[in-house]
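Down below is the structure, laid out as structure tokens.
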Amino acid sequence: MIGTVTLNPAIDRRYNVDKLDINIVKRTSDYSATAGGKGLNVSRVVRILGEKVLAFGFLGGSEGDFIQRKISELGIKSYFINIKGTTRTCLNIIDELGDNIEILEGGPTITKDEENRLLKVFKSQIDNLDVVTLSGSLPKGIDNDIYGKLIKVINEKGKKAILDTSGRDLIVNLDSRPFLVKPNREELENIIGGVLNTEEDIKKSAKKILDLGAQNIAISLGSEGMYFFGKLGNFKVNIPKIKAINPVGSGDSSIAGFAYGISKNLDIIEVLKYANACGVANAMEKETGKIDVTVVNEILEKIEVVIL
Ligand code: ADP
């Protein structure tokens, strides 16, 4: 079973409009509200791939109840800690050209007691999990080595941790030795403090992250595919050209593909194909964190993994 950790979940509200103008009232009947936050996007995509998911994190208020109901409807089993604060809402407004504006609320503050309850329930369930994804920014109030604490529990049981976060939240948790981290190019540039133009630039930066403790690193490049470096080898993944509709959530979908492939003990080349096929398939959907399995299977055939 695949575990997902979403410490700062959100209601994702999508609004489709004709054109992104400012100072104008926009009306639309094309909108939706889904259970979001990067880890819940991962959970949803893993479910669509047909695998069992156990979701962990914090939920609070009527927004939290909404998310709990939505994920139960999707057949996702969960152990969310009920918190005093209120779960956040995030907005994504998309126009017909594919341009979008995202607004992310900061979210609630987590208490020490709530954090301890999460660690306790996670430890009680780790034996049921093969791979655990840990995604997104940290909520306020929580220790910034929380991911490291969870990864320690995962590694002690010989399970695999996939950490998908950015900036300081990524750096301070690397010494816990996550199996895989997946910054996108921009996130890696922000950590390194420079522009990464060439393969050599990306390789050098990846090495720094590996030296800090990650066992493997995938650097996702949007429509240009992905690089992968680490103990499983060095690769460039080339993906087919598609007409992107909404690439928000493609990174989360690629994490779901990684978790799926790794939990099935697939060869790394197959794992990379799944990760990218899920990312590409998500970019072809309107909804965030959604894939069509038929499309995934078609794209799998068109992905090329080059050994570096
Ligand atoms: P993030 O959402 O974390 O920024 P990316 O945008 O790099 O991650 O997307 C992750 C993966 O999804 C990419 O490596 C690629 O395989 C796929 N993908 C993302 N955007 C597109 C796109 N516009 N066209 C085709 N594939 C895409």
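The values are calculated or read from the model by the stated rules, or taken from the named source; none is laboratory data. Source: prediction; values computed, not measured. Don't worry about glycine lacking a Cβ; one is built from the backbone with ideal geometry, like all the others, and counts go over all protein chains shown. Only protein heavy atoms, including side chains, enter the accessible area calculation; ligands, DNA and RNA are left aside. Shrake-Rupley method; radii C 1.70, N 1.55, O 1.52, S 1.80 Å.
Annotations
- Each of the peptides 112-125, 256-269 was scored by the mean count of other Cβ atoms within 10 Å over its residues; in descending order, highest first, they stand as 256-269, 112-125.
- Share of carbon and sulfur in the accessible area of the chain stands at 49%, probe radius 1.4 Å.
- Extreme residue, positive dipole direction of the chain, given options Asn128, Asn238, Leu20 (C-beta unit charges): Asn128
- Computed over neighbours whose Cβ is under 14 Å from that of Leu163, the net charge equals +2, Lys and Arg +1, Asp and Glu -1.
- Beta bridges by DSSP in the chain, antiparallel share as percent, to the nearest 5: 40 percent
- Relative to the Cα centre, the charge distribution of segment 2-307, modelled as +1 at Lys and Arg Cβ and -1 at Asp and Glu Cβ, gives a dipole magnitude of about 780 debye.
- Calculated P(r) of the chain - Cα pairs past 24 Å, %: 50 percent
- The charge dipole of segment 37-155, taken about its Cα centre with unit charges on the Cβ atoms of Lys, Arg (+1), Asp and Glu (-1) only, comes to about 580 debye.
- Surrounding net charge for Ile154, when Lys and Arg each add one and Asp and Glu each subtract one, Cβ distance under 12 Å: +4
- Structure-based [θ]222 nm, the chain - -39500 (n - 2.57) summed over DSSP H runs of at least 4, per residue, nearest 500: -11000 deg cm²/dmol
- Per DSSP, loop GluC sites (Glu not before Pro) in segment 1-109 with at most 10 further Cβ within 10 Å: Glu96
- Charge context of Ile110, other residues only, Cβ under 13 angstrom, K/R +1, D/E -1: +1
- Relative contact order (%) - criterion: Cα under 8 Å, at least six apart; region: the chain: 16 percent
- Residue of Ala161, Ala33, Ala218 that the Gaussian network model of the chain assigns the largest fluctuation, springs spanning Cα pairs under 10 Å: Ala33
- Å² per residue, accessible surface of segment 252-297 at 1.4 Å: 31 Å²
- Accessible area of Val248 in the full protein assembly, 1.4 Å probe (Å², nearest 10): 30 Å²
- Antiparallel DSSP beta bridges within segment 136-292, percent to nearest 5: 65 percent
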